[in-house]
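Contents: one structure, followed by commentary.
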Amino acid sequence: MKRIFMRALWGVYDNSHRILQRRQRADAHIQEAIKNKFDFDFVTYVFGEDNYKYLNSVGIKKCILLDKNPAPYDLLKEQYRHKLEAIRYAMEEDGCDEMIHLDWDCYPIKRIPPNFWDIMGKKEDFQANLFKFKHLKCPWRTIDRTTVPNGGFVYMRNKEYPARIIKIWEEKLKGNSAEPPMAMFVDELMGGWKGIDAYWDLYEADVCRLKNGTPHSPEKMRTKDLHFIHYYAR
């Protein structure tokens, strides 16, 4: 049984547009990850030889170079397709049975316990924190049309899921964000969107929370056994 925590790095240093600034911002988050006292092993899937060399230079050694090109997908129009491809590679080609993808600004707040993966196994084989935007993200729904799974902490234990999400991205929701395709994917798993409470019961990651933006009640959030916090979350 191969289980990993993973991160991904792509892009180039270009501050000419807000979306392109992501790579520059990532360096600060990477430094915070390195300084985090609750050290844990993770694999980083990398696009771009310079990004690979940078990670090695700051002490992050478990890196896999997926593509010498730092941006095989358009950074303005398809930025987070890189994340989906890294997750797909981990599950399909790197042989992972379970994985958790973490954005660089998602950090542990305590030691990972020996039974961590057992905790993850108590809910469905896709888990992520639900996030509420201020603007429309899911026009196909009749309710909760601004609410999507957040991409900062994503758990999977089904090798078919990354390809299914990518298929939705390619055929129905191609764009800059990976989150609307993940939302449509979850809707398919549920047999149609069943609401925020049903998502909580099945797919909400109990070990992580967003710094802000959750649609869940404070009472529910206090029941989480937190191991990670996603600090940015827009």
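The values are calculated or read from the model by the stated rules, or taken from the named source; none is laboratory data. Every value quoted in this text rests on a predicted model; they were computed, and no experiment measured them. Here the Cβ positions follow ideal geometry from the backbone for every residue, glycine too, while neighbour counts run over all protein chains shown.
Could you tell me whether any residue of segment 104-117 is of a type in the set (A, V, I, L, M), in contact (Cβ under 8 Å) with a residue 60 or more places away in the chain and touching a Gly at 6+ places or on another chain (Cβ under 9 Å)? No: segment 104-117 contains no residue that is of a type in the set (A, V, I, L, M), in contact (Cβ under 8 Å) with a residue 60 or more places away in the chain and touching a Gly at 6+ places or on another chain (Cβ under 9 Å). Considering (1) more than 24 Å from residue 164 (Cβ to Cβ); (2) modelled with pLDDT under 95, the lone condition that residue 1 does not fulfil carries the number (1). For segment 142-155, filtering for residues that are surrounded by fewer than 17 Cβ atoms within 10 Å (Cβ to Cβ) and out of contact with any Gly (no Cβ under 8 Å at 6 or more places or on another chain) leaves 3. Can you find a residue that is surrounded by 15 or more Cβ atoms within 10 Å (Cβ to Cβ), farther than 24 Å from residue 95 by Cβ and small (Gly, Ala, Ser) anywhere in segment 186-199? Taking every residue of segment 186-199 in turn, none turns out to be surrounded by 15 or more Cβ atoms within 10 Å (Cβ to Cβ), farther than 24 Å from residue 95 by Cβ and small (Gly, Ala, Ser). Assess whether residue 47 counts as being exposed (fewer than 14 other Cβ atoms within 10 Å of the Cβ) and touching a Pro at 6+ places or on another chain (Cβ under 6 Å). For residue 47, the condition - exposed (fewer than 14 other Cβ atoms within 10 Å of the Cβ) and touching a Pro at 6+ places or on another chain (Cβ under 6 Å) - is not met.
Here is a yes/no grid of residues against (1) part of a loop (DSSP other than H, G, I, E, B); (2) without any contact (Cβ under 8 Å) to a residue 40 or more places away in the chain; (3) of a type in the set (Lys, Arg):
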site	(1), (2), (3)
119	no, no, no
131	no, no, no
137	yes, no, yes
140	yes, no, no
143	yes, no, no
151	no, no, no
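Being modelled with pLDDT under 95, crowded, with 17+ Cβ neighbours inside 10 Å, of a type outside the set (Val, Ile, Thr) and part of a loop (DSSP other than H, G, I, E, B) is not true of residue 205. Among all residues of segment 167-181, there is at least one that is free of Cβ contacts under 8 Å to residues at least 24 places away in the same chain, in a helix (DSSP H, G or I) and basic (Lys, Arg). Are any of the residues in segment 169-178 in contact with a strand residue (DSSP E or B) (Cβ under 8 Å, 6 or more places away or on another chain) and of a type outside the set (Ser, Thr, Tyr)? Yes - at least one qualifying residue is present in segment 169-178. Being surrounded by 13 or more Cβ atoms within 10 Å (Cβ to Cβ), touching a Cys at 6+ places or on another chain (Cβ under 9 Å), aliphatic (A, V, I, L, M) and at pLDDT 95 or above is the requirement here; does residue 99 meet it? So residue 99 does not fit the description; no.
Among all residues of segment 35-44, there is at least one that is farther than 17 Å from residue 76 by Cβ and touching a Cys at 6+ places or on another chain (Cβ under 9 Å). Listed by position, the helices (runs of 4 or more DSSP H) enclosed by segment 1-116 that each have at least 3 residues that are in contact with a helix residue (DSSP H, G or I) (Cβ under 7 Å, 6 or more places away or on another chain) and on the phi < 0 side of the Ramachandran plot are 81-88. The residues listed here are 118, 144, 206, 201; of these, the one that is touching a strand residue (DSSP E or B) at 6+ places or on another chain (Cβ under 9 Å) and within 30 Å of residue 38 (Cα to Cα) is 206. Checking each residue in segment 27-59 for being of a type in the set (A, V, I, L, M, F, W, C) and at pLDDT below 95 picks out 28, 33, 34, 38, 40.
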